[in-house]
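*Asks:* What follows is a single structure, and I will ask about it in a moment.
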Amino acid sequence: MEMASHTHSKPQTLSSDYDTMVEIIDVSARAAAIEYAIRDVVVPAVELEKQGHEIIRMNVGDPLAFDGLPTPQHMIRAYKNALDNQNNGYGPSYGIPELREAIAKSESRKGWDCDENDIYVTHGVTEALQIIFASFLESGDKVLAPGPHYPPYMAYPQMYGATTVEYRLDPTDGWRIDLEDIKTKMDESVRLLVLINPNNPTGNVATVDEIDSLIQIVEQWPKCTIIADEIYDGLDFTDKFVSVASRSSKVPVLALNGVSKVYFAPGWRIGYMAWHDPSGKLGLVRDGVERLLRSRLCASTPAQFGYLAGLTDDSEWLKDHRSRIKERLDYCIERISKIDGLECEPPGGAFYLFVRITDERLSSDDKKFVLQLLEEKHVLVVHGSGFSPEYGRGHFRMVCLPTIEILDEAFNRISDFLGG
């Protein structure tokens, strides 16, 4: 992402009612350069809603915005009990001990030796990313991330003088990782290599062989650490999901996860990073992370107790949520296959579809396509170029979370928009 130019040579002014000149305060280049496509497209949708139009929103991966996917009641009770018991004070900067222990046990069940001291609880995975980037990156460093990818992987590194380089996911082969492309893009300046698994926005689930090959590549670059974003791990429909940390005996891995997606509580804003450092290489960086965590105080205390209940109590409820999402996902794939002008590689996990626009006239400007669909048919999706200018263009991302009835209406409108 190119940073916006930032000079103070010619102040901007506005004229007030009193004919006095007001000097406008400049925005920082780092803030002006930030884009978050998933929410940016909401701005015109809100304007249409103000005009009285009902918008079918299929842009944000928030299960709570749709019927049939509520936060489990036992987690809500635990959150409420924490409030009733006045557990509202500042908590430990790295997370409450009970939760760190429960997360460590959960990670250990994925096949690696995780200790509670390897766990840091954060204000969602996005805060974990900010803290990791702030601790690892200096000017001139690189982050290697999949294309397409979740937008903060492009937006945040530039705040620390670093750049994000995208490696290719193959759009003709289920969005598999292009390992040869990774090899050509690795060098001494790559400090972090990102694997989003299952992937957002494509839904691809990496195989064991892919993960092992990726680790072997990183082994050749001793300054590089893997970020394993596994926030959708419980929504793997292929039975192929494997923890990256469980496969690495030398390369450090930072596993990211949280309460938002698999535990259906995104508004609680509780995530974590689990540090797997088999060779003991990350001591200095870890000290920096802990300093940053202490300086920002703590994550929400009562919400941590809610997440703790999700990890330690009965999880049978998840089967119903998973089957409901899978049913809606399958329905979407079937409908897309019948619409002229659209194609979609079936996702293996998560709850997104990354849909290819096959009409070249429309695919050449996918953001224009999305805005016209919104304006004319009041269906809100996200332009693929917002997930990768190079590898995402010509696509749009949608969620499969609405009920079948709402999905049916949305696809009817999309089909009509495409003239079929």
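*Asks:* Ordered by residue, what ³J(HN,Hα) values in Hz, to whole numbers, does the stretch 123-137 give under the Karplus form 6.51 cos²θ - 1.76 cosθ + 1.60, where θ = phi - 60° and Gly and Pro are x?
*Replies:* Running phi through 6.51 cos²θ - 1.76 cosθ + 1.60 with θ = phi - 60° gives 7, x, 5, 4, 5, 4, 4, 4, 5, 4, 4, 5, 8, 8, 9 Hz.
*Asks:* Compute, for the stretch 99-152, the length of the dipole vector about the Cα centre, with Cβ point charges of +1 (Lys, Arg) and -1 (Asp, Glu) only. Units Debye, rounded to 20.
*Replies:* 240 debye
*Asks:* Treating only the Cβ of Lys, Arg, Asp and Glu as charged (+1, +1, -1, -1), what charge dipole size does the stretch 177-230 show about its Cα centre? Round to the nearest 20 debye. Present the calculation step by step, with values, prior to reporting the outcome.
*Replies:* On the way: 4 positive and 11 negative charges, 46 e Å.
Value, rounded to 20: 220 debye.
*Asks:* In deg cm²/dmol, rounded to 500, what helix-only [θ] at 222 nm does the chain give when every DSSP H run of at least 4 residues adds -39500 (n - 2.57) and the total is split over its residues? Mind showing how you got there, number by number?
*Replies:* Values: 15 runs with 153 residues, N = 420.
Computed ellipticity for the chain at 222 nm equals -11000 deg cm²/dmol.
*Asks:* Stretch Glu343-Asp212 to full length: gain in nm at 0.36 nm per residue minus the Cα-Cα span?
*Replies:* Details: separation 131, 0.36 × 131 = 47.16 nm, distance 3.03 nm.
The span from Glu343 to Asp212 would gain 44.1 nm if fully extended.
*Asks:* Then there's this: Give the shape of the stretch 263-331 as rounded, prolate or oblate, defined through the alpha-carbon gyration tensor: a ≥ b ≥ c are the square roots of its eigenvalues, a/c under 1.5 means rounded, and otherwise the shape is prolate if a/b is larger than b/c and oblate if not. Before the final figure, lay out each step's value.
*Replies:* Numbers: a/c = 2.70, a/b = 1.88, b/c = 1.44.
Prolate is the answer for the stretch 263-331, as a/c is 1.5 or above and a/b outweighs b/c.
*Asks:* Pull out a ≥ b ≥ c, the square roots of the eigenvalues of the alpha-carbon gyration tensor of the stretch 73-312, then state rounded if a/c is under 1.5, prolate if not and a/b is larger than b/c, and oblate in the remaining case.
*Replies:* On the way: a/c = 1.83, a/b = 1.47, b/c = 1.25.
Taking the square roots of the gyration eigenvalues as a ≥ b ≥ c, the stretch 73-312 is prolate.
*Asks:* Quick one: if you stick a label point 7 Å off each Cα along the C-beta vector at Glu316 and Glu49, how many nm between them?
*Replies:* 3.7 nm
*Asks:* Of the DSSP beta bridges with both residues in the chain, give the percent that are antiparallel, rounding to the nearest 5.
*Replies:* 55 percent
*Asks:* Normalised by the number of residues in the stretch 304-411, what is the relative contact order in percent for Cα pairs under 8 Å and 6+ residues apart?
*Replies:* About 25 percent, as a whole number.
*Asks:* Still on this structure, I have one more. What size of dipole, in debye to the nearest 20, comes out for the chain about its Cα centre when the only charges are +1 on Lys and Arg C-beta atoms and -1 on Asp and Glu C-beta atoms?
*Replies:* About 640 debye.
*Asks:* Next question. With each label point set 7 Å from Cα along the Cα-Cβ vector, what nm distance links Val60 and Asp170?
*Replies:* Those two pseudo-labels are separated by 3.7 nm.
*Asks:* Cα to Cα, under 14 Å, and not fewer than 8 places away if on the same chain: which aspartates and glutamates meet these conditions relative to Lys50?
*Replies:* Partners within reach: Glu375.
*Asks:* Okay, next question. Please identify every one of the trypsin sites (Lys or Arg not before Pro) in the stretch 322-420 that sits in a loop by DSSP and has no more than 12 other beta carbons within 10 Å of its own beta carbon. Numbers along the way, then the final one.
*Replies:* On the way: sites: Arg322, Arg324, Lys326, Arg328, Arg335, Lys338, Arg356, Arg361, Lys367, Lys368, Lys377, Arg393, Arg397, Arg413; in loops: Lys338, Arg393.
Answer by residue number: Lys338.
*Asks:* Fully extended, how many nm does the chain gain between Val22 and Asp408 (0.36 nm per residue separation, minus their Cα-Cα distance)?
*Replies:* Gain in length upon complete extension: 133.7 nm.
*Asks:* In the stretch 73-312, with Lys and Arg counted as +1 and Asp and Glu as -1 at Cβ, which of these residues, Leu254, Pro278, Ala104, has the Cα nearest the positive end of the dipole, that is, farthest along it?
*Replies:* Sorting the options by dipole projection puts first Ala104.
*Asks:* Among Gln220, Gln158, Gln51, which one moves the most in a GNM of the chain with springs linking Cα atoms closer than 10 Å?
*Replies:* Per the Cα network of the chain with a 10 Å cutoff, Gln51 tops the list.
*Asks:* How far apart, in nanometres, would the label points at Asn117 and Thr358 be if each is projected 7 angstrom from Cα along the Cα-to-Cβ direction?
*Replies:* 5.8 nm
*Asks:* Just name one of Tyr307, Asn204, Ile227: the one whose Cα is farthest towards the positive end of the charge dipole of the chain (beta-carbon charges, Lys/Arg +1, Asp/Glu -1).
*Replies:* Tyr307
A short reminder: the numbers here are calculations on the coordinates, not readings from a lab. Remember, predicted model here, so these are calculated numbers, not experimental data. No Cβ is skipped: glycine too gets one built from the backbone with ideal geometry, and neighbour counts run over all protein chains shown.
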